[in-house]
Amino acid sequence: MVLVAVFGVALLVAVLLSGLAARTVLSTSFLFLAGGALVSDGFLGLIHITPDSGIVTVTADLALFAVLFTDGQHVSFAKLRANWRNPARALGLGMPLAFVFMALVTHFLVGLDWTTSFLVGAVLAPTDPVFASAIVGRKEVPAKLRELLNVESGINDGLALPVVLVLIAAAGPAADHADEASIGKIALELALGLAFGVLLPLVVNGLVRFRLLGAEPKLQPLLPLATGIILYGLCHLTHANPYLAAFSAGAVLAATAPEAKEAFEPLGEALAELAKFAALLVFGALLTPHLFADLSLGGYVAVVLAIVLIRPASLLLSLIGTRFDRREKLTAAWFGPKGFASVVYGLLVLQSGIPQAEEAYTLIAVCIAFSIVAHSSTDVPIARMFDVEDLVGIPDDEDDDTPPAAERLSEGNDHART
């Protein structure tokens, strides 16, 4: 009950300060992270949570599933078909580059063996825009930029998981993890996750169309919620990949049942925020002074490089030749936060029994904490840089063929002069 009371107090403070946070670098995500650290054993000692506590894995898993389910509903298949090359570049080139660069930095600066270094690279490769929600959720940010970050983060979690499991097996896990990491088993889990994510919303949508069935308007928001709950349980019962299932289900739901998607959106966003805040509070409780003291100087250098150099350089390389302008490229390159996927995968590493599990987890946890602070405190200021388009009454870019704002404004002025 202490944890529940602490969460309630943190939620109240976050709501009361949310208006200020929306206008400044103050971040509600940081408030929960700091709150969790404050009440943990490292400071006030009100709650006692360790990395092997079940609540850590459950809250991170639920938060990631909820966020991906709601994020998937923001995907437009029409826009994605027109602009699929940008997410494909980020996933096919940017993500592997970040993976390799992080592994090299980890090996040479932290001193972990090659297999564990590549494992750290795989854990920290996925991005999570939930800590940069002002970028993905604000209309003044160009649509193609929001689409890139949303699709990239929704898919890269599922792509990283098989690599993480294979590298855990290669690093010398306990026997129970060896079977878990077989290539065939991983492929089956990914395929099942995608299949469930596509088929379940289609089945539910088909049931609604029966003459004797249908949702009463005030209960319509619960239809996608019920779909998500069933999907979460089904994935865990069958060991299907829940993250790929969540994102694909959200996208299919938005495409096939737009009315249900619109009815669910306020509730879904609120539930995703609650799950995120709960996971942040629990994760913050793991950030004790002892954890930070265990990381070497080389580890801190690796963390800084991961945030300010490796992700930005990897994505900028992958976007060479695209029609993003410089400001959009820099924004996309900066917002590669490490989020709940990395938390879940980092816990898998810690619980795997590999020789350097604790060292790897310490580096991963500190990197996630630094990333949350850096990215969640800069999303609003950077998003506001795009406000100039709203101020001059220019609509948002809808696709790559839309001319830049400055060109449209210049054309309008020329037309007025003639």
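The values are calculated or read from the model by the stated rules, or taken from the named source; none is laboratory data. Every value quoted in this text rests on a predicted model; they were computed, and no experiment measured them. When we count neighbours, we look across all protein chains shown, and the Cβ atoms used for this are built from the backbone with ideal geometry, even at glycine. SASA here: full protein model, heavy atoms, side chains in, ligands and nucleic acids out. Shrake-Rupley method; radii C 1.70, N 1.55, O 1.52, S 1.80 Å.
Yes/no matrix, rows are residues, columns are (1) under 20 Å from the mean Cα position of the chain (by Cα); (2) under 20 Å from residue 266 (Cβ atoms); (3) assigned to a helix (DSSP H, G or I):
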site	(1), (2), (3)
214	no, no, no
224	no, yes, yes
227	no, yes, yes
230	no, no, yes
234	no, no, yes
237	no, no, yes
245	yes, no, yes
249	yes, yes, yes
253	yes, yes, yes
Filter the stretch 147-178 for residues that are within 17 Å of residue 336 (Cα to Cα) and modelled with pLDDT under 85 and give the result. 147, 150, 151, 153, 154, 155, 156, 157, 158, 159
Of the criteria (1) in contact with a Ser or Thr (Cβ under 9 Å, 6 or more places away or on another chain); (2) open to solvent by 10 Å² or more (accessible area, probe 1.4 Å); (3) of a type in the set (A, V, I, L, M), which one residue 143 fails: (2)
Just to be sure before I move on: is residue 81 open to solvent by 40 Å² or more (accessible area, probe 1.4 Å), within 29 Å of residue 147 (Cα to Cα) and at pLDDT 90 or above in the structure I sent? no
What are the residues in the stretch 17-26 that are surrounded by 12 or more Cβ atoms within 10 Å (Cβ to Cβ) and free of Cβ contacts under 8 Å to residues at least 60 places away in the same chain, if any? 17, 18
Among residues of the stretch 150-170, those that are out of contact with any Phe, Trp or Tyr (no Cβ under 9 Å at 6 or more places or on another chain), in contact (Cβ under 8 Å) with a residue 24 or more places away in the chain and open to solvent by 40 Å² or more (accessible area, probe 1.4 Å), counted: 1
What single numbered condition from (1) in contact (Cβ under 8 Å) with a residue 24 or more places away in the chain; (2) part of a helix (DSSP H, G or I) fails to hold for residue 262? (1)
Any residue at all in the stretch 27-44 that's over 29 Å from residue 135 (Cβ atoms), surrounded by fewer than 12 Cβ atoms within 10 Å (Cβ to Cβ) and either at pLDDT 85 or above or touching a Cys at 6+ places or on another chain (Cβ under 6 Å) (or both)? yes
Residues located in the stretch 309-353, provided they are at pLDDT below 90, aromatic (Phe, Trp, Tyr) and not in a loop (DSSP other than H, G, I, E, B): 340, 345
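Per-residue answers, yes or no, for (1) of a type in the set (Gly, Ala, Ser); (2) at pLDDT below 50; (3) open to solvent by less than 50 Å² (accessible area, probe 1.4 Å):
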position: 370; (1), (2), (3): no, no, no
position: 387; (1), (2), (3): no, no, yes
position: 403; (1), (2), (3): no, yes, yes
position: 416; (1), (2), (3): yes, yes, no
Test for residue 65: is it open to solvent by less than 20 Å² (accessible area, probe 1.4 Å) and closer than 30 Å to residue 201 by Cα: yes
Scan the stretch 50-67 and tell me whether some residue there is within 29 Å of residue 253 (Cα to Cα), modelled with pLDDT under 85 and not in a helix (DSSP H, G or I). no
Sort out which residues of the stretch 84-133 are polar (S, T, N, Q), open to solvent by less than 30 Å² (accessible area, probe 1.4 Å) and more than 21 Å from the chain's Cα centre (by Cα), and write them in order of number. 106, 116, 117
Kindly indicate whether residue 74 is without any contact (Cβ under 8 Å) to a residue 12 or more places away in the chain and not in a helix (DSSP H, G or I). no
Which ones in the stretch 179-211 are at pLDDT 85 or above and open to solvent by 70 Å² or more (accessible area, probe 1.4 Å)? 188, 194, 199, 202, 203, 207
Residues of the stretch 1-16 being open to solvent by 80 Å² or more (accessible area, probe 1.4 Å) and part of a helix (DSSP H, G or I), which ones? 4, 9, 12, 15, 16
